[in-house]
1. With only alpha-carbon atoms counted, please give the Rg and Dmax of the stretch B:238-348, in Å.
2. Report Rg/Rh for the stretch A:3-219, rounded to two decimals, where Rg is the Cα radius of gyration and Rh the Kirkwood radius.
3. Straight-line reach from B:Lys146: which aspartates and glutamates have a Cα under 17 Å away, not including same-chain ones fewer than 8 places off?
4. Over chain B, what is the percentage of antiparallel beta bridges among all DSSP beta bridges, to the nearest 5?
5. If you place +1 on the Cβ of every Lys and Arg and -1 on the Cβ of every Asp and Glu, how big does the dipole about the Cα centre of the stretch B:53-224 come out, in debye to the nearest 20?
6. What FRET efficiency would be calculated for the residue pair B:Ser225, B:Leu311, taking the C-beta separation as r and a Förster radius of 41 Å, to the nearest 0.05?
7. Return the FRET efficiency for the residue pair A:Ser78, B:Thr331: r is the Cβ-Cβ distance, R0 is 56 Å, and the value is rounded to the nearest 0.05.
8. For each pair in A:Lys3/A:Lys140; A:Lys75/B:Lys15; B:Lys51/B:Lys182, compute the distance between the two Cα atoms and list the pairs where it is over 32 Å.
Amino acid sequence: MNKIISAKNLVKTFEGDRVIALNGVNLEVSEGEFIAIMGPSGCGKSTLLHVLGGLESPTSGEVMVDGVDLCKVKKLDSFRARKIGFIFQLHNLIPVLTAQENVQMPMFELKLSSKERNEKAKKLLRLVGLEDRMDFVPPKLSGGQRQKIAIARALSNDPRILLVDEPTGNLDSASGHEIIQIFERLNKDGRTIVLVTHDKDIAEHASIIYHMKDGQILEK
Amino acid sequence: MRFSTLIFKNILRRKTRSAFTVLGISIGIATIIALGAVMNGMTVSMEGMLKSGKADFSVAQSGISDLSFSRVSENRTNEILELDGVKNTAAALIGFYSVGDNPYVITWGVEKEDFPMLSINIINGSAFSQEHELLIGAVASKEWNKTVGDKLVLKELEFNITGIFESGSIYQDKGVILSLKKLQEIQNQEGYVTIIYVELEEEANIEEVCQRVEEEFPDLVTIKSVAELGKVDKGLELMDAATLAISFLAVIIGGIGVTNTIMMSVYERTREMGVLRAIGWTKKRILIMILGESILLCLFSVLIGSLLGFLGTELLMLQPIIGGLLEPLYTVDTFVRAFVVAFAVGLIGGMYPAYRASKLSPSEALRYE
């Protein structure tokens, strides 16, 4: 299968060279794969996800995503808008917007009419099982439902890659299970998923699990 | 959902904070509206005094700071009439006296032969023919509920109302007219007038005649238009300067208030900004959103401030001491000025927070706690 993500000797340091978050990471992800990256807090999982998604530039090394060398891309915003769907532990939905309006947020960067945005948001909320909560604002929804909105939001630009950071960290086990089922379904539909977690039960749903420690990937 | 809806909903997140910010700016806007309306009213009133009827220009004492201080020899009326190009002249003495509850009623001392030139039309009754007779303006007649045949006490003297007049100037129509001689006697100003109105021959050049008047009579100054009001009245210039200063202060104080409000909002939403950047929003879109919130807050302030300004001015006008003397005039210019000030406050106040928000590194914003 095509390698959709390829990272070579990734190094990322902060505060000069005093904090080494990534210390020579090599990673290859094939198109349609569902991988999990496990490791303790502070091992560099989230930083790796940020570098892979173009939120952060590596200090050194190479990172290719869907054939694009991220170190050479000038407009990373538009790259993220077209290629990547991000899901975070803290979803940061806008509390005054309804579920449907929150899902539309990434679509402002696409040339869609207001009506098209509405239709697409409805479709995505149906996909995550929230068709009956479209007009609810986040404070009126449970943690699991909010995370589903965040997933629908991440899917709104039809990204081929989903980068997921501790998606069930704030959820009870039943909600967490529902969320992971959605990721499995999305993976079956052909999306590549890179999931970062420290929860072994969640990681086991992935086809490959990587372990990270001190900024390095130790084993597969 | 439209992008504008998002901006609107964002400012409703902290309703109390937004409301207080809007209120703060609204007070500045209200002041601009009120001062503007009062100043416009004063300008029109002054214009009514300076450009009466068929007069092409008026003449007052030079070097004065307020028209009511003008003291011109009555003889100048005939001397100016003898100049080339002058068709007619009319003199008026102006005073302010209390009538009933109204402490400042403009009182004109004019000869009735000058009524046609000053476009004073008697719509009811007739002109005064004796000392203790006077005319009242149509507006004054309604406000005081007085008509022909009624009595009016002016400076402890009782006058018979013989007629009601209209001049087309609300300032005049709120006042009374009595004979020049009688008003000179009341004011102890025999032989003096406040202002002389000059009507020119058709072919006369107004600039040349004005120049000649000022050359022949150095103690006099000519006023051709409202733009020259400053020659005889510094009050309006001062008020205009005050309005500008208040507008400037409103921009600074309002701008600081808006900056503070929007900056707090940006800090509170730092992680959210990080998520928006992560999902593909450009720096420009973040900038527009934050600037939009700032400008929208200020546009709400224009609406509320205009309403407050209008209500405040009307409340002030209920006071006889102010309402009797002034008629506020709400012009489009005043509201445009308020709008421009509010827009500037929104733009300047929102610029820094918007810049900060747009410059946030998405990764750092996501780590922000």
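1. Calculated on Cα positions, Rg and Dmax stand at 18.8, 64 Å.
2. Numbers: Rg = 17.0 Å, Rh = 17.6 Å.
When Rh is taken as the Kirkwood radius, the ratio is 0.97.
3. Answer for B:Lys146, where 17 Å is the Cα cut-off: B:Asp101, B:Glu133, B:Glu158, B:Glu166, B:Asp173, listed by chain and number.
4. Expressed as a percentage, antiparallel bridges in chain B total about 80.
5. Rounded to the nearest 20 debye, it is 800 debye.
6. 0.80
7. FRET efficiency, A:Ser78 to B:Thr331: 0.70.
8. Beyond 32 Å: A:Lys3/A:Lys140; A:Lys75/B:Lys15.
Only the coordinates and a few stated rules stand behind these numbers; no lab work does. Given the structure is predicted, the values throughout are model-derived calculations rather than measurements. Note that each Cβ is placed from the backbone with ideal geometry, even for glycine, and that neighbours are counted across all protein chains shown.
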